1. Looking only at residues in region A:75-133 that are aromatic (Phe, Trp, Tyr) and within 26 Å of A:Leu237 (Cβ to Cβ), which one is modelled with the lowest pLDDT?
2. For the condition touching a residue at least 12 places away in the same chain (Cβ under 8 Å), under 30 Å from B:Gly9 (Cβ atoms) and within 12 Å of chain A (Cβ to nearest Cβ), what is the one hit in B:Pro74, B:Pro149?
3. Given the structure, is A:Phe66 surrounded by fewer than 24 Cβ atoms within 10 Å (Cβ to Cβ), under 27 Å from A:Ser149 (Cβ atoms) and modelled with pLDDT of 80 or more?
4. Across region B:195-218, what is the number of residues that are within 10 Å of B:Cys34 (Cα to Cα) and open to solvent by less than 20 Å² (accessible area, probe 1.4 Å)?
5. Within region A:125-144, can one find any residue that is within 14 Å of chain B (Cβ to nearest Cβ), in a helix (DSSP H, G or I), closer than 29 Å to B:Ile101 by Cβ and open to solvent by 30 Å² or more (accessible area, probe 1.4 Å)?
6. When you look at A:Leu121, is it away from every other protein chain (no Cβ under 14 Å), out of contact with any Cys (no Cβ under 6 Å at 6 or more places or on another chain) and closer than 19 Å to A:Gly23 by Cβ, yes or no?
7. Keeping to region A:164-206, report how many residues are under 9 Å from the mean Cα position of the chain (by Cα) and open to solvent by 30 Å² or more (accessible area, probe 1.4 Å).
8. Only residues that are within 9 Å of chain B (Cβ to nearest Cβ) and under 30 Å from A:Trp116 (Cβ atoms): list them for region A:201-212, please.
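The values are calculated or read from the model by the stated rules, or taken from the named source; none is laboratory data. Here the structure is a predicted model, which is why all the values come from computation and not from measurement. Cβ placement follows ideal geometry from the backbone for every residue including glycine, while neighbour counts extend to all protein chains displayed. Surface accessibility is based on the protein's heavy atoms, side chains included, excluding ligands, DNA and RNA. Shrake-Rupley method; radii C 1.70, N 1.55, O 1.52, S 1.80 Å.
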Amino acid sequence: MDDQLIKSLAAMALSGAGCGLTGVFVYMLGIPFIGVAIAHASMAGAIWAAALGINPKIAAFTASLFPAVLSGGASERSKASVNINMSVVFSLFTGLAFMGAGILPGGALKASGYLWGSVLLADYGDIALLAAVLLSIAAAVAAFYGPISAVLFNREIAASTGINERLVYQAILVMCGAVAAVNLSVIGGLMLYSLVIIPPAVAVRFSRGLRNFLVISAATGAVSAACGTFMAFGFNLPVSATVVLCNCAFFGLSLMFPGTKD
Amino acid sequence: MDICVECAGVNVKMNGVKVLNNINLKLSRGEFACVVGRSGSGKTTLLRTLLGFNPADSGTVQVAGAFANRQGIPVIRKRTGYLPQSLENNSSMSPFTAMDIINMGAKGEKAGGAIEELKIRPILSRRFSTLSGGEKQKVLLAMVLSRRPGVILLDEPNLNLDMVSYADFLNLVETAHRAHGQTILLVTHLLDRLPASCRRIIAMDSGRITYDGDRKGFMDPKMRGEAFGG
């Protein structure tokens with residue numbers, strides 16, 4: 001098998017698993033827009049970092065954490081839903097990203113790179129980073145499973161039991177941001193959204209219990225991303241688009257099967 | 001008398017409006033009291049103030065031996081069980097099973113005890129989102145009871161329940177109260193569906209306590225009329 005195919009498959013499978021895992025948080029908290037907001041924040045960070053001579057990956061990662069933290073904090077003050085505040089943050093960073101694309105030398109090219117990703121250029125360093133982040137998130141979920149599941153069920157009830165619900169909620173948003181940031185350069189902002197949203201939408205029908213849901217969503221993300229990548233290589237298709245369509249096909253296919261009975 | 005819940009001169013403002021006005025209240029350990037009143041009278045705000053969700057602008061709040069301040073609120077919440085008026089879940093289909101919900105309160109023997117007490121073993125493996133209103137309330141009650149709190153706050157548990165299911169639920173609450181002796185504060189607007197164990201009525205109107213006494217006295221129509229500003 002072609003070495004680049006192996007690396008791309010590994011990168012996409014890990015991306016799919018990581019996005020599928022944190023996709024459960026996005027699904028349970030009802031904040032699907034976070035993927036889009038984070039993608040544009042990362043893009044803004046990378047574009048401006050390149051102009052300032054800062055490592056664009058670190059800047060993208062740092063910037064990607066802002067939507068989660070800002071919108072969570074804004075929700076506390078404005079009492080509007082997280083999605084509303086996420087939309088405002090998305091607008092802010094989209095403006096910054098395309099401002100940079102417009103006025104910085106080479107900005108448009110950099111913006112394009114973060115929008116589409118570069119899975120074909122994935123190297124073992126990227127794979128190692130993706131694996132490390134996935135394992136870290138999984139370990140964090142395992143270690144703090146009780147508080148996390150309570151917050152995902154109902155924030156008020158979680159708070160009423162003495163859990164520091166705000167801290168857990170912010171930590172969940174930061175985990176979502178961190179996974180999105182490290183996956184962005186590999187899979188791009190457009191694919192990120194589908195890998196975060198679709199695996200949990202597939203998995204929830206076949207899951208009983210949160211642990212089950214997490215595992216099935218991560219597995220669905222990994223398999224659908226790997227299948228899409230394999231097909232793209234086999235038929236010489238754009239990888240991003242093929243993975244997105246493969247994800248959608250998985251969702252459509254899942255509807256043909258009866259879900260878990262109660 | 002061992003005081004378990006105490007409010008002294010508590011005032012709470014929300015968006016510039018006084019929603020709790022000079023609340024003075026004492027509940028003894030093991031007491032079962034009902035808070036009654038019209039919608040908007042401040043009943044839910046009272047419960048949320050006890051838990052620190054709506055901080056008091058003045059006065060003191062003490063629950064289960066802790067003051068409702070920055071340090072005390074986490075302690076209060078660990079010692080108090082709370083069923084909110086409604087659950088706002090973000091997703092229409094949720095994977096949580098009934099057992100998952102109960103385990104958010106406690107696991108092992110404590111959870112098992114609550115499950116047997118409420119006789120909900122047959123529904124443990126079912127998804128919580130597919131349960132009936134009455135079954136959901138029982139699961140949430142089991143979650144609360146499994147924590148073995150000293151104080152239980154119930155906010156209009158009758159919502160989304162038919163009268164038969166509500167009567168069943170109240171029966172379970174009273175059975176648990178007889179068995180474990182928690183201090184219970186039940187908010188309800190159903191004056192004709194008060195639990196038999198409830199000896200004390202606290203009536204609220206426009207953020208004030210307008211009646212605080214025994215159940216027999218509250219049943220007097222004149223007293224009730226005065227309590228609700230009529």
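1. The residue in question is A:Tyr114.
2. So the residue among B:Pro74, B:Pro149 that is touching a residue at least 12 places away in the same chain (Cβ under 8 Å), under 30 Å from B:Gly9 (Cβ atoms) and within 12 Å of chain A (Cβ to nearest Cβ) is B:Pro149.
3. Yes; evaluated as a whole, the condition is true for this residue.
4. Final tally of qualifying residues: 5.
5. no
6. no
7. Residues that pass the stated criteria total 2.
8. Passing the criteria: A:Ala203, A:Val204.
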